[in-house]
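Worksheet: one structure, shown below.
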Amino acid sequence: MSQNILVTGGAGYIGSHTVLQLLLSGYRAVVVDNLDNSSSVAISRVKELAGEHASNLDFHKIDLRDKPALEKLFASMKFYAVIHFAGLKAVGESVQKPLMYYDNNITGTIILLEVMVAHGCKNLVFSSSATVYGSPKEVPCTEELPLSALNPYGRTKLYIEEICRDVHQSDPEWKIILLRYFNPVGAHPSGHIGEDPCGIPNNLMPFVQQVAVGRLPSLKVFGNDYKTKDGTGVRDYIHVIDLADGHIAAVKKLADPSVGCEVYNLGTGKGTSVLEMVTAFEKVSGKKIPLVMAARRPGDAEIVYAANGKAERELKWMAKYGIEEMCRDQWNWASKNPYGYEKSA
Ligand code: NAD
Ligand code: UD1
């Protein structure tokens, strides 16, 4: 019998790719999403891509804070584990609307954990972020670096990590894996699923993608006076399929009796500058991305990349794709779906 995995936020960018990889790995996936930042078309596309496994995917439009609805779902079936992606993630918006972020991300998580424990499901994989390293004092970022947050979004990640550590401490039956993602980019190689942010994108590659399809005129480069190879910020970009596979590795790891509350970086261990990323994208897409040099973005770190040895050793997982494949798949998705899911070509 295949294991049932509940995926909160499974209609979103990383969630949809992870659901597909779960299905292809033989799991059953039940997605809970309020579609606040996603489209049900993503779920239909995942089903198409999953082929013979499509019937192993169910979708429920539920807000995590709707405890009775979540209770009803947990009463209707048993889950081996929960992969918890659901959350709001726009840094700027979190500064404007901190209470909305604390309510959605933290209250949503607390309700989820309460319902899980009430139904005897104590296996959790949580989407944390490299944002918990704040402006890291050294790179590569190992999991042991001191934690800090620069904005309310980051604080929700930090607080949820702490909540998870407390929950595990109170009841060692819990097995919790906190995955700190670096910078997810790219899309499924088919170009059928990808990132479809609402409004003007905050992150680099969704912005580049919209410039490439003519929706935005130019990319503002936030700072070219950093102490980096070309003056622009350096990040650890990771292909979303590699990231999705990292979740399969984490779900498998939950079966290891030694697991308590563990934390793993999911990155490639390589740093790439903004200009290098743009050049790689221009090469694979054949599109010129006009650049405007702009001031540094407040709260931005200079150089962030992962120490990935722990995930490699303990999860037996390693990123396979490089920058060129990330840009190729980002462009494939963008050119096939220039306006995202709702108005795709
Ligand atoms: P996303 O916005 O595409 O997906 C999140 C999904 O959660 C959306 O489909 C949204 O509708 C849903 N959701 C939000 N609040 C909900 C609620 N209360 N109840 C039910 N559903 C809800 O974002 P993503 O990029 O796929 O990110 C997934 C997770 O990974 C988030 O927790 C995010 O903070 C974290 N993360 C993302 C990145 C990144 O760069 N994309 C980096 C580090 C961590
Ligand atoms: C941002 C968030 C971080 C979050 C991460 C992944 C901020 C301050 N930080 O980090 O909390 O975890 O996304 O969702 O928002 N850049 C440009 N022009 C743009 C956009 C970005 O030059 O229009 C540069 C940035 O300055 C940075 C790099 O591109 O050097 C990557 O930016 P981005 O994709 O936003 O990711 P992070 O800065 O790592």
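Condition check ((1) within 18 Å of His168 (Cβ to Cβ); (2) within 18 Å of the chain's Cα centre (by Cα); (3) within 14 Å of ligand 1 (Cβ to nearest atom)) across all residues:
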{"residue": "Met77", "(1), (2), (3)": "no, no, no"}
{"residue": "Tyr80", "(1), (2), (3)": "yes, no, no"}
{"residue": "Thr107", "(1), (2), (3)": "no, no, yes"}
{"residue": "Phe126", "(1), (2), (3)": "yes, yes, yes"}
{"residue": "Leu147", "(1), (2), (3)": "yes, no, no"}
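Give just the number: which of (1) away from ligand 1 (no atom under 16 Å from the Cβ); (2) more than 25 Å from Ile106 (Cβ to Cβ) does Gln21 not satisfy?
Here Gln21 meets the rest and fails (1).
Mind checking which helices (runs of 4 or more DSSP H) fall wholly inside the range 28-143 and carry at least 1 residues that are open to solvent by 10 Å² or more (accessible area, probe 1.4 Å) and modelled with pLDDT under 95? Walk me through how you get there before you give the answer.
On the way: elements: 40-50, 67-76, 91-96, 98-101, 108-118.
Per the criteria, 91-96.
Of everything in the range 281-306 that's within 16 Å of ligand 2 (Cβ to nearest atom) and not in a loop (DSSP other than H, G, I, E, B), which residue is nearest to Cys141 (Cα to Cα)?
The extreme case among them is Ala306.
Out of all the residues in the range 144-168, which are open to solvent by 50 Å² or more (accessible area, probe 1.4 Å), of a type outside the set (Asp, Glu) and over 25 Å from Asp103 (Cβ atoms)?
If we filter the range 144-168 for residues that are open to solvent by 50 Å² or more (accessible area, probe 1.4 Å), which is where we start, we get 144, 146-147, 150, 155, 159, 162, 165-166.
Then drop every residue that is not of a type outside the set (Asp, Glu), which leaves 146-147, 150, 155, 159, 165.
Of everything in the range 144-168, just one residue is open to solvent by 50 Å² or more (accessible area, probe 1.4 Å), of a type outside the set (Asp, Glu) and over 25 Å from Asp103 (Cβ atoms), namely Pro146.
Just checking, how many residues over the range 329-345 are part of a helix (DSSP H, G or I) and free of Cβ contacts under 8 Å to residues at least 60 places away in the same chain?
So the answer is 0.
Out of (1) without any contact (Cβ under 8 Å) to a residue 60 or more places away in the chain; (2) more than 16 Å from ligand 1 (Cβ to nearest atom); (3) open to solvent by 10 Å² or more (accessible area, probe 1.4 Å), the odd one out for Asn203 is which?
Evaluating Asn203 over (1) without any contact (Cβ under 8 Å) to a residue 60 or more places away in the chain; (2) more than 16 Å from ligand 1 (Cβ to nearest atom); (3) open to solvent by 10 Å² or more (accessible area, probe 1.4 Å) leaves (2) as the failure.
If the Cβ limit is 8 Å and pairs must be 6+ apart or interchain, which residue in the range 280-301 that is under 20 Å from Arg235 (Cα atoms) and open to solvent by 60 Å² or more (accessible area, probe 1.4 Å) pairs with which residue that is acidic (Asp, Glu) and more than 7 Å from ligand 2 (Cβ to nearest atom)?
Lys283/Glu324; Arg296/Asp225
Can you list residue pairs whose Cβ atoms sit under 7 Å apart, with the first residue in the range 104-131 being free of Cβ contacts under 8 Å to residues at least 12 places away in the same chain and the second being aliphatic (A, V, I, L, M) and more than 11 Å from ligand 1 (Cβ to nearest atom)? Count only pairs 6 or more apart in sequence or on different chains.
Close Cβ pairs (under 7 Å, with a partner that is aliphatic (A, V, I, L, M) and more than 11 Å from ligand 1 (Cβ to nearest atom)) do not exist here.
On the given criteria, is Ser218 touching a residue at least 40 places away in the same chain (Cβ under 8 Å), in contact with a Pro (Cβ under 7 Å, 6 or more places away or on another chain) and either within 13 Å of ligand 1 (Cβ to nearest atom) or open to solvent by 20 Å² or more (accessible area, probe 1.4 Å) (or both)?
Details: touching a residue at least 40 places away in the same chain (Cβ under 8 Å): yes; in contact with a Pro (Cβ under 7 Å, 6 or more places away or on another chain): yes; either within 13 Å of ligand 1 (Cβ to nearest atom) or open to solvent by 20 Å² or more (accessible area, probe 1.4 Å) (or both): yes.
Considered against the rule, which asks whether it is touching a residue at least 40 places away in the same chain (Cβ under 8 Å), in contact with a Pro (Cβ under 7 Å, 6 or more places away or on another chain) and either within 13 Å of ligand 1 (Cβ to nearest atom) or open to solvent by 20 Å² or more (accessible area, probe 1.4 Å) (or both), Ser218 comes out as yes.
Could you tell me whether any residue of the range 307-314 is open to solvent by 20 Å² or more (accessible area, probe 1.4 Å), modelled with pLDDT of 95 or more, basic (Lys, Arg) and in a loop (DSSP other than H, G, I, E, B)?
no
The values are calculated or read from the model by the stated rules, or taken from the named source; none is laboratory data. What you see is a predicted model; the values in this text were computed from it and never measured. Every residue, glycine among them, receives a Cβ derived from its backbone with ideal geometry; neighbour counts consider all protein chains shown. We work out accessible area using only protein heavy atoms, side chains counted, and drop any ligands, DNA or RNA first. Shrake-Rupley method; radii C 1.70, N 1.55, O 1.52, S 1.80 Å.
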